[in-house]
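The values are calculated or read from the model by the stated rules, or taken from the named source; none is laboratory data. Worth saying up front: this structure is predicted, and the values here are computed from it rather than measured. Neighbour counts run over all protein chains shown; Cβ positions are idealised from the backbone, glycine included. Heads up: the accessible areas ignore ligands, DNA and RNA and are worked out on the full protein's heavy atoms, side chains in. Shrake-Rupley method; radii C 1.70, N 1.55, O 1.52, S 1.80 Å.
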Amino acid sequence: MTPLTTDSTPKQFKFEREKLPPIVVNFQGGKVTSDAGLSLIAEIDRKLQITSRLAKCFQDYRKPNKTLHPIESLLTQRIYGLIMGYEDLNDHEELRHDPMFALALGKSIGQGNEPCTLAGKSTLNRIEHCPENVEQGAESRYHKISHSQEEIEKLFVDIFLESYSSPPRQIILDLDVTDDLVHGNQEQVFFNTYYGGYCYAPLYIFCEKHLLAAKLRASNVDPAEGALSELQRVIRQIRKKWNNVEILVRGDSAYSREDIMEWCESQIKVDYVFGMPQNSRLIKMTTLTQSKAKQEFKQKLSTVVSFLETLFVPDIELPELASHLIENSTWYKTIDYQTHKSWSRSRRVVTKVEYGAKGTNIRFLVTSIPTNKMPPSEVYTQKYCPRGEMENRFKEQQLELFSDRTSTHTFAGNQLRLWFSSIAYVLMNALRNKCLVKTELQNAQVGTIRTKLLKLGALITVSTRRVLIAINSSCPYQHIYATAYRYLQLLPNPG
């Protein structure tokens with residue numbers, strides 16, 4: 001079948017309807033965008049200078065007189081694309097002509113249907129194939145863009161520190177790793193039996209919703225590989241600005257390692273709470289606590305069974321019914337514990353013993369928080385359990401900002417892609433923290449914020465006096481956009 005040429009394409013399309021006026025469709029609507037909310041992202045980025053500072057971490061060896069798109073423009077276009085839901089470089093073949101993206105990048109757009117031109121996929125691809133060092137970038141014929149890993153890593157912590165108007169009393173740093181499944185022949189990819197596939201295993205450090213580190217790693221390394229060095233780097237940078245802040249380091253049992261715990265113990269105002277795997281010695285040390293939990297549950301069960309008997313409930317196994325009506329019995333206890341070989345000293349282990357209809361469930365933590373400062377129940381419920389919220393950060397990173405699109409061949413290129421996704425997250429989190437407070441989106445996932453506030457249809461009209469972005473008048477989130485705009489006006493302009 002021969003494809004229709006531009007000249008033979010109909011000017012309009014008519015759909016007849018019985019007893020109703022016909023529907024007429026054409027492509028003469030002018031400059032229309034589905035991404036009008038990008039205006040908010042561009043403004044908060046301008047105020048906080050996030051992508052512009054990221055651009056300073058790169059070195060450009062291209063000849064200025066032959067360069068159409070500067071580094072900052074390339075990085076900003078790539079990151080804004082991720083924010084707006086365009087996960088691939090291929091998407092930019094169409095986005096390069098999008099008037100909203102041109103405006104967000106500070107480009108001028110012409111009147112009428114004159115197309116704007118941003119970078120295409122091939123040009124953007126150059127920033128993801130950076131050489132390993134500056135010298136190689138200067139000498140390479142094809143790789144004319146390089147970057148500084150140290151400066152990019154430092155930028156994440158700098159942005160986190162700037163998000164506070166005054167130093168907090170305490171912060172909690174969450175360490176965790178996730179799987180990044182790959183489907184190709186990427187460098188340093190291995191099969192991981194725990195995750196059941198070929199993958200990377202990136203290491204993250206978060207403080208609440210703030211991202212401080214995102215380090216790509218091969219999946220054949222120890223789960224705690226590189227965790228101590230990343231932790232030291234982040235805390236060292238924090239201490240330069242906040243001398244007296246109390247820091248609690250939190251993670252699952254993968255991080256209850258001697259070197260990490262020993263280093264935390266050697267620091268002033270640095271504590272830790274880590275999950276800890278079970279062993280026969282620890283189980284034996286909780287025997288009395290298990291008995292108390294079991295006895296308490298049986299007493300509650302007996303009371304409920306007696307009550308049900310007074311109701312004359314027929315044909316029902318009363319103990320089984322009663323066991324589903326009462327809560328499990330939960331006991332907490334502190335144990336002084338030391339391993340035979342791996343630990344250099346005795347440490348505080350907090351145990352949670354839970355007994356219910358399904359039997360006994362025992363969990364262990366190791367912590368440097370002293371017993372006289374916090375009882376075991378609070379250590380477990382208030383300090384450790386909230387770390388489960390970090391799973392939402394992984395969801396935002398992977399499912400909503402495409403951090404798992406590590407499909408380029410080189411490991412360095414995939415690390416850059418992870419950083420681009422992370423910067424996109426930082427921008428979205430800044431919008432959430434600074435502009436959406438006291439709105440229904442203040443705790444929303446970034447995907448929800450994108451759908452409700454950023455993916456807005458609008459007609460763009462250009463005149464000699466102004467550029468008008470006319471958003472759909474029936475948009476249900478106009479009030480949230482207005483609130484975000486008011487907060488943006490309160491942010492200082494960059495010096």
Of all residues in segment 426-454 being of a type in the set (Ser, Thr, Tyr) and in a helix (DSSP H, G or I), which is most open to solvent (accessible area, probe 1.4 Å)?
Thr451
Among the residues of segment 336-375 satisfying the criterion of being touching a strand residue (DSSP E or B) at 6+ places or on another chain (Cβ under 8 Å) and among the basic types (Lys, Arg), which is most open to solvent (accessible area, probe 1.4 Å)?
Arg363
Residue check, Lys31 within 23 Å of Gln489 (Cβ to Cβ), basic (Lys, Arg) and open to solvent by less than 30 Å² (accessible area, probe 1.4 Å)
no
Among strands (runs of 3 or more DSSP E) lying entirely in segment 167-271, which contain 2 or more residues that are of a type in the set (Val, Ile, Thr) and in contact with a helix residue (DSSP H, G or I) (Cβ under 7 Å, 6 or more places away or on another chain)?
246-251
If we keep just the residues of segment 175-212 that are in contact with an Asp or Glu (Cβ under 6 Å, 6 or more places away or on another chain) and over 21 Å from Gln149 (Cα atoms), which is most open to solvent (accessible area, probe 1.4 Å)?
Tyr195
Here's a check for you: in segment 213-235, which residue that is farther than 15 Å from Phe190 by Cα and among the acidic types (Asp, Glu) is most open to solvent (accessible area, probe 1.4 Å)?
Glu225
Six or more apart or on different chains, Cβ atoms under 6 Å: show the pairs whose first residue is in segment 244-257 and closer than 10 Å to Ile172 by Cα and whose second is assigned to a strand (DSSP E or B) and open to solvent by 20 Å² or more (accessible area, probe 1.4 Å).
Glu246/Gln170; Leu248/Ile172; Leu248/Asp271; Arg250/Ile172
Only one of Ala214, Ala224 is of a type in the set (A, V, I, L, M) and out of contact with any Pro (no Cβ under 7 Å at 6 or more places or on another chain); which?
Ala224
Does Leu68 qualify as being hydrophobic (A, V, I, L, M, F, W, C), surrounded by 10 or more Cβ atoms within 10 Å (Cβ to Cβ) and assigned to a helix (DSSP H, G or I)?
no
Take Glu400 and decide whether it is acidic (Asp, Glu) and open to solvent by 40 Å² or more (accessible area, probe 1.4 Å).
no
